[in-house]
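The values are calculated or read from the model by the stated rules, or taken from the named source; none is laboratory data. This structure is a prediction, so every number in the text was calculated from the model and none was measured. Heads up, the Cβs are rebuilt from the backbone with ideal geometry, glycines too, and the neighbour counts pull from every protein chain shown. With ligands, DNA and RNA removed, areas are computed over all heavy atoms of the protein, side chains included. Shrake-Rupley method; radii C 1.70, N 1.55, O 1.52, S 1.80 Å.
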Amino acid sequence: MQGSPRISEFAAISQLQKLFSGTSSRVEVGIGDDAAVLKARGRLVWTVDTAVEHVHFERAWLSLGDLGWRSFQAAASDVCAMAATPIAALSSVIFPAQFGASELNQLARGQRAAARALGCQIVGGNLSCGSELSVTTTLLGEAARPLLRSGAEPGDELWLCGDLGLAAAGLRLLERGILRGEAAPARRALRAFRRPCAELSAGLSLARRAHAAIDISDGLAGDAAHLAHESGVRLLFDVRAVEATLSSALHSLALELKLSALQLALYGGEDYALLAAGPSRARPDGARVVGRVERGRGVWLADGRRLTRAGAGFQHSGGRKPRRMGA
């Protein structure tokens, strides 16, 4: 780990080693050596995700504990979408000069809480000083049979696992300077943005049931386009079915914000729900049908007899979102 002005390198390593210590049977060697050593079974699923200040978040919007949680769960969501179980993670933090040991501790505690919630252990990483705060999480999972984006077939149902729109509504509140919600819908939306939860149980329930899946980080329409492209099919969403999945909290808050709840769900982003395609006979409990797979291309919205092509998905701060190779 590289040093920084106000954080002693060896003190930071010792601090993080204590915070991230665990008893996972998959970890032979964790923090403290040149690299971690893992025991693995099945096939490995590997992803990386970065959260950058002024691109993905502003410091005023959330606590450092929230940032640690949020950045970890966002990375884990990719692994969950592939019906895999997270087993170990690496964290690379770049922090500004005024970032001290107390701030690092707050951030790391958020990461630790998120990792423990998923039964995963943080086994190492890197510290460095830079002009702005960023957190990069590399996460390793394992699956007997990883679920890809490329298997959707005409005739499949489209399943939604998780909630849509609330994180986007929370972001709109934060952008308007509303940091604390007075009413329950606002509090729920702010929490959805600050403390999202990867759909681990839902992802595992899709194993050997779904033909394809993807996590929803850029809005339902935007991520559906990736699945449609990789599978070479057309996805047709039933607008009324999608609306039926939206929470009363979202509808209430959308009215207050003078926004469309449906638009927040389709184009808002950062919900980390799952979209899957599979046969009706295999639909898992809790999965809600929101459309179907057809021959053709693209993503379409059916509202009664009206058929329209969906627009693009969510983009962070001027479209500067760092993209993973798969997304």
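Does region 37-51 contain any residue that is part of a strand (DSSP E or B), open to solvent by 50 Å² or more (accessible area, probe 1.4 Å), of a type in the set (Lys, Arg) and touching a Lys or Arg at 6+ places or on another chain (Cβ under 8 Å)?
At the first step, the residues of region 37-51 found to be part of a strand (DSSP E or B) are 37-38, 43-51.
Filter once more, so that each one left must be open to solvent by 50 Å² or more (accessible area, probe 1.4 Å): 37-38, 43-44, 46, 48.
Of the ones still in play, those that are also of a type in the set (Lys, Arg) are 43.
Pick out the ones that are also touching a Lys or Arg at 6+ places or on another chain (Cβ under 8 Å) and you get 43.
Looking for residues that are part of a strand (DSSP E or B), open to solvent by 50 Å² or more (accessible area, probe 1.4 Å), of a type in the set (Lys, Arg) and touching a Lys or Arg at 6+ places or on another chain (Cβ under 8 Å), one finds at least one in region 37-51, hence yes.
Which one of the conditions (1) modelled with pLDDT of 95 or more; (2) crowded, with 16+ Cβ neighbours inside 10 Å; (3) of a type in the set (A, V, I, L, M) does Ala327 fail to meet, given that it meets all the rest?
Going through the list (1) modelled with pLDDT of 95 or more; (2) crowded, with 16+ Cβ neighbours inside 10 Å; (3) of a type in the set (A, V, I, L, M), Ala327 breaks only (1).
What number of residues within region 153-184 satisfy the criterion of being in a helix (DSSP H, G or I) and crowded, with 24+ Cβ neighbours inside 10 Å? Please lay out each step first, then the result.
Of all residues in region 153-184, those in a helix (DSSP H, G or I) come to 166-175, 184.
Then keep just the ones that are crowded, with 24+ Cβ neighbours inside 10 Å; that gives 166-170.
Residues in region 153-184 being in a helix (DSSP H, G or I) and crowded, with 24+ Cβ neighbours inside 10 Å: 5 in total.
Among the listed residues Gly32, Gly65, Gly100, which satisfies the condition of being free of Cβ contacts under 8 Å to residues at least 60 places away in the same chain and open to solvent by less than 20 Å² (accessible area, probe 1.4 Å)? Walk me through it before giving the result.
On the way: Gly32 fails: open to solvent by less than 20 Å² (accessible area, probe 1.4 Å); Gly100 fails: free of Cβ contacts under 8 Å to residues at least 60 places away in the same chain.
Sole residue among the options that is free of Cβ contacts under 8 Å to residues at least 60 places away in the same chain and open to solvent by less than 20 Å² (accessible area, probe 1.4 Å): Gly65.
Which is at pLDDT 95 or above, on the phi > 0 side of the Ramachandran plot and surrounded by 18 or more Cβ atoms within 10 Å (Cβ to Cβ), of Tyr272, Tyr267?
Details: Tyr267 fails: on the phi > 0 side of the Ramachandran plot.
Result of the check over Tyr272, Tyr267: Tyr272.
I need the full set of residues from region 103-129 which are over 16 Å from Asp66 (Cβ atoms), surrounded by fewer than 22 Cβ atoms within 10 Å (Cβ to Cβ) and touching a Phe, Trp or Tyr at 6+ places or on another chain (Cβ under 7 Å), in order please.
Cys129
Which residues, counting only those in region 131-145, are within 21 Å of Gln121 (Cβ to Cβ) and more than 16 Å from the chain's Cα centre (by Cα)? Walk me through how you get there before you give the answer.
Taking region 131-145 first, the residues within 21 Å of Gln121 (Cβ to Cβ) are 135-144.
Answer for region 131-145, where residues must be within 21 Å of Gln121 (Cβ to Cβ) and more than 16 Å from the chain's Cα centre (by Cα): Glu142, Ala143, Ala144.
Test each condition in (1) modelled with pLDDT of 95 or more; (2) within 29 Å of Leu179 (Cα to Cα) for Thr85 and report the one that comes out false.
(2)
Hey, can you tell me all the residues within region 130-149 that are of a type in the set (Ser, Thr, Tyr), at pLDDT 95 or above and either open to solvent by less than 10 Å² (accessible area, probe 1.4 Å) or in a loop (DSSP other than H, G, I, E, B) (or both)?
Start the filter on region 130-149 by keeping residues that are of a type in the set (Ser, Thr, Tyr), which leaves 131, 134, 136-138.
Keeping just the survivors that are at pLDDT 95 or above gives 134, 136-138.
Selection gives Thr137 alone.
Quick one: in region 162-217, of everything that is under 22 Å from Ala117 (Cα atoms) and without any contact (Cβ under 8 Å) to a residue 60 or more places away in the chain, which residue is farthest from the chain's Cα centre (by Cα)?
Checking each candidate, the answer is Arg187.
Any idea which of Ala202, Ala186 is under 19 Å from Gly268 (Cα atoms) and in contact with a Leu (Cβ under 8 Å, 6 or more places away or on another chain)? So that I can check it myself, show each step before the final result.
Details: Ala202 fails: under 19 Å from Gly268 (Cα atoms).
Testing whether each residue is under 19 Å from Gly268 (Cα atoms) and in contact with a Leu (Cβ under 8 Å, 6 or more places away or on another chain) leaves just Ala186.
Could you go through region 76-84 and let me know if any residue there is part of a helix (DSSP H, G or I), open to solvent by 10 Å² or more (accessible area, probe 1.4 Å) and not basic (Lys, Arg). Reasoning before the result, please.
At the first step, the residues of region 76-84 found to be part of a helix (DSSP H, G or I) are 76-81.
Right, trim to open to solvent by 10 Å² or more (accessible area, probe 1.4 Å) and you get 78.
Filter once more, keeping what is not basic (Lys, Arg): 78.
Yes, some residue in region 76-84 is part of a helix (DSSP H, G or I), open to solvent by 10 Å² or more (accessible area, probe 1.4 Å) and not basic (Lys, Arg).
Pick from region 208-241 the residues that are touching a Leu at 6+ places or on another chain (Cβ under 7 Å) and among the β-branched types (Val, Ile, Thr): which of them is surrounded by the fewest Cβ atoms within 10 Å (Cβ to Cβ)? Show your work before the answer.
Residues of region 208-241 that are touching a Leu at 6+ places or on another chain (Cβ under 7 Å), as a first pass: 210, 212-216, 219-221, 223-224, 227-228, 235, 237, 239.
Of the ones still in play, those that are also among the β-branched types (Val, Ile, Thr) are 214, 216, 239.
Numbers: Ile214: 27, Ile216: 30, Val239: 17.
The selected residue is Val239.
If Ser91 satisfies every condition in (1) under 20 Å from Leu206 (Cβ atoms); (2) not in a helix (DSSP H, G or I) but one, which is the exception?
(1)
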